[in-house]
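A.B. asks: Below is one structure. I have some questions about it.
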């Protein structure tokens, strides 16, 4: 149930870029799929994600296997759109009419979904969450609130262990994990959510006291020990962002297919 | 000692910062479990997606709990957006979109709970319902643009009920349990600063009105990248398309028209442009369509009777300083729309 896709350190391609540069590239992909109208542009964006995956030392085959559920859901989206949109010329019918506009809309949405998800997962693969959280703080967000993300990411492994412990304890005690009724659903939620939450809340005070003891929040600004400098790969990533932005503008202006 | 030195009181104190981070982390980690339950429910109903909205409320439990436990505006939004980032970075199945969805859910929790200075079960359930349903409309805008409104409304209704119970009621119940078991001090849940209910309602109304206006403008009207001499022709049409003036120049006609506005008068002069009737005929209006809306890039719109426009070759779209302008011969000045961006048939 825990997703297989998570960050791992690397030395190739986007692994060498700073989190901010990777974030910029991700936003470029989002802009191109949400703002550019054409199918070819979206296909190109998906191709670029695959190329960057390969250049970053991540196997394209493994990546595609990891996103197989995304591919499946993209197909479901395609079908949902193709059968819902009635505008355009009817091409064929099997109970429901399928139009050229419907197929086009289906392809648009499926590709949009595919690019958003694949670029997101590539970002997750190549970006160190901890460095990202610190980078966000350095972007100018008040550190008191930026630190919430740093802290939350620190808590994640702990809660994953707690969650696993709770589930194993349930199995040992014979708690039925299947959900066949609303009562079963309520029981599953109650027996899973509450223990994990309570185990976390018991630590709030000790963490807060520890932070206060280190004078967290004393000054309005905070210095950092680790600074990020932009290197060649960051400029390449920024150039890709500009390229994606330019393609979006051109695709809209000249109504590219 | 260190805390005493602080001059300005921040929105959240250190304990609340930890609490928000903790709730966001739990929410992010358990979201995979919620997704798993959602898939089980989908399988139970035999559908690929949609039925999982029955438990959509579990996603907003965390911002609601943060708002109930800290009683501070902003804690819901911070919890929502942090939970979204945690979920995204954990390789969640929604990608980066989840950050936006969680942010909106958290913001709605803050706005909803901010209506009254005293939290109540009804308000919490209502807030949970609205915040939960927002995910359906956001997903619709991003991935399900063409899906039938009935389907979307059914999903929203499921999400609304789920938000009320799994978000609002469960959140309220958990808070009561936490107070009873002394895991959370009673005082932490009291509202620190009282302000008038009327003021909150007024603020909320203004914010929602501005938000609705902004969302409408940026999703339906604003289009910074499209060519200035183009307009989208859509609505009740068999073949909606994007009209580009340069593609139609050979079909241009000349008309003589006089602009009679309430404050502007332009004497009769010649205008060259493409008849609106020709543009609409190419798009094939569907049976039953009655009106045609001509919308400018700033959202200004005028409405024409469709049969009248289809039989009138003197209402034309001309090019005025590189932008589309409607020359509505025989109509008053307010119908002469400048910077036309969209034509919608209804």
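The values are calculated or read from the model by the stated rules, or taken from the named source; none is laboratory data. Quick caveat: nothing in here was measured; it's all calculated off a predicted structure. Because the Cβ atoms are built from the backbone with ideal geometry, glycine has one as well, and the counts that use them run over all protein chains shown.
A.B. asks: Which condition number in (1) surrounded by 11 or more Cβ atoms within 10 Å (Cβ to Cβ); (2) away from chain B (no Cβ under 14 Å) is the one that residue A:220 fails?
C.D. replies: With respect to (1) surrounded by 11 or more Cβ atoms within 10 Å (Cβ to Cβ); (2) away from chain B (no Cβ under 14 Å), residue A:220 is out only on (2).
A.B. asks: Given the conditions (1) at pLDDT 90 or above; (2) part of a strand (DSSP E or B), report the number of the one that residue B:243 does not fulfil.
C.D. replies: Result: residue B:243 fails condition (1) only.
A.B. asks: Here are some residues: B:278, B:312, B:250. Which one is free of Cβ contacts under 8 Å to residues at least 40 places away in the same chain and within 28 Å of residue A:103 (Cβ to Cβ)?
C.D. replies: Exactly one residue qualifies, and that residue is B:278.
A.B. asks: While we're on this one: Would you point out which residue out of B:277, B:227 is farther than 30 Å from residue B:20 by Cβ, touching a helix residue (DSSP H, G or I) at 6+ places or on another chain (Cβ under 9 Å), within 14 Å of chain A (Cβ to nearest Cβ) and at pLDDT 70 or above?
C.D. replies: B:227
A.B. asks: Which of the numbered conditions does residue B:149 fail, given that it passes all the others? Conditions: (1) surrounded by fewer than 21 Cβ atoms within 10 Å (Cβ to Cβ); (2) within 14 Å of chain A (Cβ to nearest Cβ); (3) under 18 Å from residue B:54 (Cβ atoms).
C.D. replies: (3)
A.B. asks: Take the residues of segment B:167-190 that are at pLDDT below 70 and surrounded by 15 or more Cβ atoms within 10 Å (Cβ to Cβ): which is farthest from the chain's Cα centre (by Cα)?
C.D. replies: B:188
A.B. asks: Name the single residue that is farthest from the other protein chains (Cβ to nearest Cβ) among those in segment B:90-105 being buried (at least 22 other Cβ atoms within 10 Å of the Cβ) and free of Cβ contacts under 8 Å to residues at least 12 places away in the same chain.
C.D. replies: It comes out as B:94.
A.B. asks: Would segment B:246-254 turn up any residue that is modelled with pLDDT of 85 or more, within 14 Å of chain A (Cβ to nearest Cβ), at negative phi and in contact with a helix residue (DSSP H, G or I) (Cβ under 6 Å, 6 or more places away or on another chain)?
C.D. replies: no
A.B. asks: Which pairs turn up if I take residues in segment A:68-82 that are free of Cβ contacts under 8 Å to residues at least 24 places away in the same chain and look for partners that are surrounded by fewer than 19 Cβ atoms within 10 Å (Cβ to Cβ) with beta carbon separation below 9 Å, at least 6 apart in sequence or on another chain?
C.D. replies: Pairs that qualify, where the first residue is free of Cβ contacts under 8 Å to residues at least 24 places away in the same chain and the partner is surrounded by fewer than 19 Cβ atoms within 10 Å (Cβ to Cβ), are A:72/B:48; A:76/B:48; A:76/B:49.
A.B. asks: When you scan segment A:63-161 for helices (runs of 4 or more DSSP H) that lie fully inside it, which ones turn up with 3 or more residues that are within 7 Å of chain B (Cβ to nearest Cβ)?
C.D. replies: The helices (runs of 4 or more DSSP H) meeting that bar are A:68-84, A:100-126.
A.B. asks: Then there's this: Looking at (1) modelled with pLDDT under 85; (2) in contact with a helix residue (DSSP H, G or I) (Cβ under 7 Å, 6 or more places away or on another chain), find the lone condition where residue A:174 falls short.
C.D. replies: Residue A:174 satisfies all of (1) modelled with pLDDT under 85; (2) in contact with a helix residue (DSSP H, G or I) (Cβ under 7 Å, 6 or more places away or on another chain) except (2).
A.B. asks: Hey, another quick one. Only one of these is more than 10 Å from every other protein chain (Cβ to nearest Cβ) and free of Cβ contacts under 8 Å to residues at least 24 places away in the same chain: B:68, B:108, B:123. Name it.
C.D. replies: B:123
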